[in-house]
Structures are given as structure tokens and as C-alpha cells.
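Structure first, then comments.
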Amino acid sequence: MPPISRGFRGRRPQADPSRIPPGQYLTHDFPVLSYGPTPHTSLDQWSLAIDGAVDSGASWSWEELTALPAEMFTVDIHCVTKWSKLDTMWTGVSLDTLLETVETEADYVTAWSDGGYTTNVPLADLTDGQAWIAYEYAGQPLAPEHGGPARLLVPHLYFWKSAKWVRGLTLTLEDEPGFWEVNGYHDYGDPWREQRYQGD
Ligand SMILES: Nc1nc2c(c(=O)[nH]1)N[C@H]1C(S)=C(S)[C@@H](COP(=O)(O)O)O[C@H]1N2
Ligand SMILES: [Mo]
């Protein structure tokens with residue numbers, strides 16, 4: 001008997017299981033998860049602010065943001081609804097570049113978006129090459145349903161921390177739970193420790 005044929009259509013090569021956090025499954029599509037409608041802010045009305053507990057605030061127009069040094073980066077993303085997507089490719093500005101323009105005593109950040117979404121992240125999780133304001137996905141302008149014109153990307157935390165349609169980062173001295181965090185999601189959201197909900 002010949003060995004059982006794998007067939008010509010084949011399967012995609014299995015991903016390295018060590019890259020899939022506990023309780024997650026691999027997806028090859030790019031699901032859209034939005035609470036509420038997709039906002040459409042024209043680029044000439046668009047700006048990104050850093051405000052809150054800073055010596056003096058900073059703000060970038062679309063032209064200013066996209067003139068800053070950009071990075072292309074490839075990261076794995078993990079949604080709390082259990083899909084993970086590997087090797088997603090983005091272009092954006094490192095938050096190190098933006099945060100170096102302000103002086104602060106703050107330890108926390110609330111990202112806020114067009115449409116009212118907010119999410120909280122420790123400041124230490126946004127520095128040292130861990131987070132970006134991304135405006136291209138796979139070499140194309142970021143689609144509105146995925147957060148275009150620009151979204152926060154914090155890939156080492158569950159994807160709800162990656163605020164779509166981001167317009168500002170408010171630095172705070174105390175941790176202030178954001179939209180999903182107030183509604184029962186974990187305050188920190190580490191996928192490797194399965195911090196999905198409060199109490200996990
Ligand atoms: N402004 C905003 N950002 C958001 C959300 C949202 O509803 N509004 N959903 C979050 C959640 S729960 C996830 S999983 C991802 C989904 O991003 P995607 O639609 O590009 O897959 O965006 C996050 N950022
Ligand atoms: Mo999510």
C-alpha cells in the first residue's frame with residue numbers, strides 16, 4: 001500500500017504552534033471587529049494628539065505624521081474572540097518617535113478614537129519598539145474598516161488594545177479603564193497569560 005496521499009491541493013503549512021497563544025486558533029482572513037459604525041474623517045480634518053499629563057501637548061496633522069520616519073513591521077495579532085493571525089505587515093510611526101516629543105510623569109495611556117472608543121495601556125507597553133501608529137496594511141493605505149486612516153498597533157496585547165481610528169493618546173497618572181475594560185475585559189490583556197476577562 002502506498003502511503004496516504006496528501007493530495008495536490010495541499011494545505012497551507014502548519015504554523016509553528018509556539019506562536020499561537022493558549023486558547024487561540026489560526027485564521028488566514030482578516031476579520032473586522034468594530035463596535036459601532038466606521039467613522040470617516042477626511043485627512044485634512046485629521047490630527048493625532050498627545051495630551052493629558054504632559055508638560056506641553058503635541059499634535060500632528062496627517063501630512064506631519066506621514067512625514068515622520070516610518071517603519072515597516074511584521075507582527076502576529078491575537079483577538080480575544082480567539083482568532084490569531086500571523087505575519088501581518090504594517091507601515092507606521094513608532095510610538096517612541098511620537099512620545100520622545102513630550103515630558104511626562106505619567107505611567108498610563110488612554111488611546112481615544114473617532115467614534116468614542118477608548119482603551120488603556122501602561123505607558124511602558126508603548127515604548128521600546130512595542131507599538132506604532134499604523135497607516136498601511138500589506139503595503140496599501142489602511143482600510144477604513146480596519147481602522148484607517150490610522151490605528152494604534154500594540155501587537156503583544158489582545159487586539160482590542162489596538163484602537164482603530166485613533167486620534168489621540170491621553171497620558172494619565174492613574175490607570176483609567178477604557179471602553180471594553182469597563183465592560184469586563186481584562187485591564188492588561190496579555191494573550192500569553194490568557195488575560196481575556198477581569199479575574200483571568
Ligand atoms: N475604535 C475602535 N477600535 C477597535 C475596536 C472598535 O470597536 N473600535 N475593536 C477592537 C477589537 S475588539 C479588535 S479584535 C480589533 C479588530 O480590528 P480589525 O477589525 O482590524 O480586525 O480592533 C480593536 N480596536
Ligand atoms: Mo477583539
Write out, first by first residue and then by second, each pair whose Cβ atoms fall under 9 Å of each other, whose residues are 6+ apart or on separate chains, and whose first residue, in the stretch 81-94, is over 10 Å from TYR137 (Cβ atoms) and without any contact (Cβ under 8 Å) to a residue 24 or more places away in the chain while the second is within 14 Å of ligand 1 (Cβ to nearest atom) and assigned to a strand (DSSP E or B).
-> ASP87/VAL75; ASP87/ASP76
Of all residues in the stretch 46-77, how many are of a type in the set (D, E, K, R) and free of Cβ contacts under 8 Å to residues at least 60 places away in the same chain?
-> 3
Take the stretch 86-105 and flag every residue that is buried (at least 16 other Cβ atoms within 10 Å of the Cβ), more than 21 Å from PRO149 (Cα to Cα) and either within 16 Å of ligand 1 (Cβ to nearest atom) or not hydroxyl-bearing (Ser, Thr, Tyr) (or both).
-> LEU86, VAL102
Residue list for the stretch 103-154, restricted to those being among the β-branched types (Val, Ile, Thr) and assigned to a strand (DSSP E or B) = THR104, VAL109, THR110, THR118, THR119, VAL121, ILE133
For the stretch 115-144, how many residues are surrounded by 19 or more Cβ atoms within 10 Å (Cβ to Cβ) and touching a His at 6+ places or on another chain (Cβ under 9 Å)?
-> 3
Subset of the stretch 26-81 [of a type outside the set (S, T, N, Q), more than 16 Å from ligand 2 (Cβ to nearest atom), within 28 Å of GLU176 (Cα to Cα) and assigned to a strand (DSSP E or B)] = LEU48, ALA49, ILE50, ASP51, GLY52, VAL54, ALA58, TRP60
Somewhere in the stretch 160-171, is a residue over 15 Å from ASP51 (Cα atoms) and either more than 12 Å from ligand 1 (Cβ to nearest atom) or part of a helix (DSSP H, G or I) (or both)?
-> yes
On the given criteria, is LEU48 touching a strand residue (DSSP E or B) at 6+ places or on another chain (Cβ under 7 Å), more than 22 Å from HIS28 (Cα to Cα), within 16 Å of ligand 1 (Cβ to nearest atom) and not β-branched (Val, Ile, Thr)?
-> yes
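Values in this text are rule-based calculations from the coordinates and carry no lab data. Note that the structure is predicted; figures quoted are calculated from it, not measured. Note that we place each Cβ from the backbone using ideal geometry, even for glycine, and neighbour counts take in every protein chain shown.
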